[in-house]
Amino acid sequence: MTKTNKTDLWIRYGGRASLWAISIFGLIFLYVPIVVLIAYSFNNSRSNAVWRGFTLEWYRSLLIGGFDAGGESVTPDLIWSAFANSMIVGVISTILATILGTAIAIAIERYRFRGRSLLEALLFLPIVIPDITMGVSLLVFFSLIFEAIENLTGIYLVLGLPTIIIGHVAFNISFVAVTVRGRIAELDPALEEAALDLGANEWRTLRRITLPLIAPAILSGALLAFTLSLDDFVITFFTAGVGSTTLPLFVYGLVKKPVPPTINAISTLMLLVSLTLVLSSLAAQRRQSDSA
């Protein structure tokens, strides 16, 4: 083996080892804090620094008895109210975003119309702009609309669950449309053309051919939208009003006080729900790939 070949071999080994090292470091950086959070949700101590043994006390107090946070009593009713608000926002915004996102994806992929390129560019805007920018812009938008309505009708409107839902629909449409569009792009147009040739109109072709074939992508987009809505904090923070506290806002309110171990239990349950939804979305995407 020549000297040049030996050098190339060592460079190849070094590159492969560096790639493994960077990958392992990245995984540790991402997941060790989550593992620590889950472990300390079972810690039999109010301190997050010392392990005192296994307990389910924080889950029990979360679901049944309530707990103390910085001298303020937090009852299960408050937690369930925040959870209910998160579910209402998540379900309604997911349904609306899925319908609108799917319609936009079909329109962009199957039709040619004036403004298509602009719509395509605007579709990616909610994905790339920072959440805080979108949150502030929605707050300004709602303030102007509410002021105009009050001047015209005398009706005084405030921020609440409807404004949170509108905000979540605004950013979820893009994620659903991108997910569904990928599937439509892979769909053979000959199938739809065959249905039209056999006498089906466009609506029947959409209902009988297109929608069943892209159903896994629609489901995947809906699960992704629901996960993003359930976990969103920044946009919700700017569009929420009195009585519309969602679970992420509730957790943030607890963090501002001396951190009770119960917050680890809440975060673990939220992580479990999000993980379940993400895995379901991945399973739907795999089923979609297998059927393609």
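The values are calculated or read from the model by the stated rules, or taken from the named source; none is laboratory data. Because the structure is predicted, anything quoted here is derived from the model rather than measured. Don't worry about glycine lacking a Cβ; one is built from the backbone with ideal geometry, like all the others, and counts go over all protein chains shown. The accessibility values were calculated without ligands, DNA or RNA, using every heavy atom of the protein model including side chains. Shrake-Rupley method; radii C 1.70, N 1.55, O 1.52, S 1.80 Å.
Modelled with pLDDT of 90 or more and buried (at least 17 other Cβ atoms within 10 Å of the Cβ) - does that describe any residue in region 200-217?
no
Could you list, in sequence order, the residues of region 8-26 that are open to solvent by less than 70 Å² (accessible area, probe 1.4 Å) and over 24 Å from residue 274 (Cβ atoms)?
Once the filter is applied, which keeps residues that are open to solvent by less than 70 Å² (accessible area, probe 1.4 Å) and over 24 Å from residue 274 (Cβ atoms), region 8-26 yields 9, 14, 15, 17, 18, 21.
With open to solvent by less than 50 Å² (accessible area, probe 1.4 Å), at pLDDT 90 or above, assigned to a helix (DSSP H, G or I) and touching a Gly at 6+ places or on another chain (Cβ under 8 Å) as the only criterion, which of 165, 173 stands out?
Answer to the check: 173.
Pull up region 46-68, narrow it to residues that are more than 26 Å from the chain's Cα centre (by Cα) and part of a helix (DSSP H, G or I), then point me to the one that is surrounded by the fewest Cβ atoms within 10 Å (Cβ to Cβ).
64
Within the group 229, 281, 274, which residue is surrounded by fewer than 20 Cβ atoms within 10 Å (Cβ to Cβ), of a type in the set (Gly, Ala, Ser), part of a helix (DSSP H, G or I) and within 18 Å of the chain's Cα centre (by Cα)?
274
Return the residues of region 183-207 that are in contact with a helix residue (DSSP H, G or I) (Cβ under 7 Å, 6 or more places away or on another chain) and within 30 Å of residue 277 (Cα to Cα); say none if nothing qualifies.
Matches in region 183-207: 183, 184, 185, 187.
Report, ordered by the first and then the second residue, all pairs with beta carbons closer than 6 Å, sequence separation of six or more or different chains, a first member in region 199-223 that is without any contact (Cβ under 8 Å) to a residue 60 or more places away in the chain, and a second member that is open to solvent by less than 30 Å² (accessible area, probe 1.4 Å) and acidic (Asp, Glu).
Short answer, once both residue conditions are applied: 205/192; 209/192.
When you check residue 128 against the structure, is it open to solvent by 50 Å² or more (accessible area, probe 1.4 Å) and within 22 Å of residue 271 (Cβ to Cβ), yes or no?
no
Which of the residues that make up region 100-148 are within 18 Å of the chain's Cα centre (by Cα) and not in a helix (DSSP H, G or I)?
124, 129, 130
I'd like to know if region 75-95 contains one or more residues that are part of a loop (DSSP other than H, G, I, E, B), of a type in the set (S, T, N, Q) and loosely packed, with under 13 Cβ neighbours inside 10 Å.
Looking through region 75-95, at least one residue is part of a loop (DSSP other than H, G, I, E, B), of a type in the set (S, T, N, Q) and loosely packed, with under 13 Cβ neighbours inside 10 Å.
Looking only at residues in region 176-198 that are small (Gly, Ala, Ser) and either free of Cβ contacts under 8 Å to residues at least 24 places away in the same chain or not in a helix (DSSP H, G or I) (or both), which one is least open to solvent (accessible area, probe 1.4 Å)?
Step by step, filter region 176-198, then rank; the result is 195.
Residues checked against (1) touching an Asp or Glu at 6+ places or on another chain (Cβ under 9 Å); (2) surrounded by 10 or more Cβ atoms within 10 Å (Cβ to Cβ); (3) closer than 27 Å to residue 189 by Cβ:
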{"position": "103", "(1), (2), (3)": "no, yes, yes"}
{"position": "111", "(1), (2), (3)": "no, no, yes"}
{"position": "116", "(1), (2), (3)": "no, yes, yes"}
{"position": "120", "(1), (2), (3)": "no, yes, yes"}
{"position": "123", "(1), (2), (3)": "no, yes, yes"}
{"position": "136", "(1), (2), (3)": "no, yes, no"}
{"position": "148", "(1), (2), (3)": "no, yes, no"}
{"position": "152", "(1), (2), (3)": "no, no, no"}
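Give 290, 231 a once-over and let me know the one that is closer than 16 Å to residue 34 by Cβ and either modelled with pLDDT under 85 or out of contact with any strand residue (DSSP E or B) (no Cβ under 6 Å at 6 or more places or on another chain) (or both).
Every option except 231 fails the conditions.
Could you list, ordered by first residue, the pairs with Cβ atoms under 9 Å in which the first is in region 17-31 and in contact (Cβ under 8 Å) with a residue 24 or more places away in the chain and the second is exposed (fewer than 10 other Cβ atoms within 10 Å of the Cβ) and not hydrophobic (A, V, I, L, M, F, W, C), at least 6 apart or interchain?
none
When you scan region 27-45, how many residues do you find that are of a type in the set (Ser, Thr, Tyr), part of a helix (DSSP H, G or I) and either in contact with a Ser or Thr (Cβ under 9 Å, 6 or more places away or on another chain) or open to solvent by less than 60 Å² (accessible area, probe 1.4 Å) (or both)?
Qualifying residue count, region 27-45: 1.
When region 232-241 is examined, which residues are found to be assigned to a helix (DSSP H, G or I) and surrounded by 22 or more Cβ atoms within 10 Å (Cβ to Cβ)?
The answer is 235, 236, 239.
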